[in-house]
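Take a look at the structure below.
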Amino acid sequence: MNAGQRPAVEVAATAPDAYKAVAALDKYIVKDSGLEPRLIHLIKLRASQINGCAYCVDMHVKEARHSGLSEQWIHLIVTWRESPIYDARERAVLAWTESLTNIAQTRAPDEDFEPLKEHFTEAEITKLTIAIGVINTWNRIAVGFRSQHPIDAPAKAA
């Protein structure tokens, strides 16, 4: 699909109740869960990168910038294991995000779950896990229905 084309299925129009249900869960995570915004950004960006969802990566990079997160912090998420910029809490969230996003391969091993207990309560771990599930749902909708991100400006060579 080319930039500017409509998705194969417009979920909000074809199944508004289903769309509203997913959107309500996402709103809860973002507005009412009590999770730190930077952790939500980590989850949304890393899962979207793994799932190859350009639409969601584009949206969540812009949201992370708007929240004041640095360009370096945003750009290095894809290589978080090699960068010292992420603290132990962020690393635990990133590992759990990767584990659950790739659950068919990983089976969510203890070595990815246990570090969460050092930094988060059981309620927070539950909310982080739900946040991972929600972005994976959005990614599947956007990728499956060929949603295309907007192109802000054409790339220019220097």
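Computed 3J(HN,Hα) for the stretch 107-124, one whole-Hz value per residue from the Karplus formula 6.51 cos²θ - 1.76 cosθ + 1.60 where θ = phi - 60°, is 6, 6, x, 4, 5, 8, 7, 4, x, 4, 5, 6, 10, 9, 6, 4, 5, 5, glycine and proline marked x. Fraction of C-alpha pairs exceeding 24 angstrom in the stretch 15-144: 23 percent, rounded to a whole number.
Taking every DSSP helix (H) stretch of at least 4 residues in the chain, weighting each as -39,500 (n - 2.57) and dividing the sum by the residue count yields a mean residue ellipticity at 222 nm of -18500 deg cm²/dmol. Between D87 and R6, the contour length at 0.36 nm per residue exceeds the Cα-Cα span by 25.2 nm. The stretch between K156 and D17 holds 45.8 nm of extra length on full extension. This uses 0.36 nm per residue minus the Cα-Cα distance.
Taking the stretch 138-158 and a reference point 7 angstrom along Cα→Cβ of R65, the backbone N atoms nearer than 14 Å belong to 150-156. Each residue of the stretch 44-55 was assigned a 3J(HN,Hα) from its phi angle through the Karplus expression (A = 6.51, B = -1.76, C = 1.60, θ = phi - 60°), giving 5, 5, 5, 4, 5, 4, 4, 7, x, 9, 4, 4 Hz with x at Gly and Pro. Each residue, R140 and L76, gets one label point 7 Å from its Cα in the Cβ direction; the gap between the two is 3.3 nm.
Across the chain, the relative contact order, built from alpha-carbon pairs under 8 Å that are at least six residues apart, equals 39 percent. For the set K20/K127; K62/K117; K27/K62; K20/K62, the pairs lying more than 26 angstrom apart at their alpha carbons are K62/K117.
Between E118 and I103, the contour length at 0.36 nm per residue exceeds the alpha carbon distance by 3.2 nm.
Taking the alpha-carbon centroid of each part, what is the distance from the stretch 46-76 to the stretch 3-42 in angstrom? Cα centroid to Cα centroid, the span is 15 Å. The string of couplings for the stretch 27-43 from the Karplus curve (6.51, -1.76, 1.60, θ = phi - 60°) is 4, 4, 4, 6, 9, 10, 6, x, 6, 5, x, 5, 5, 5, 4, 4, 4 Hz, one whole number per residue in order, with x for Gly and Pro.
Read-outs throughout are calculated quantities, based only on the coordinates presented, and are distinct from any laboratory measurement. What you see is a predicted model, and the numbers here were worked out from it, not measured in a lab. Cβ coordinates were reconstructed from backbone atoms using ideal geometry, including for glycine residues, and neighbour counts include every protein chain displayed.
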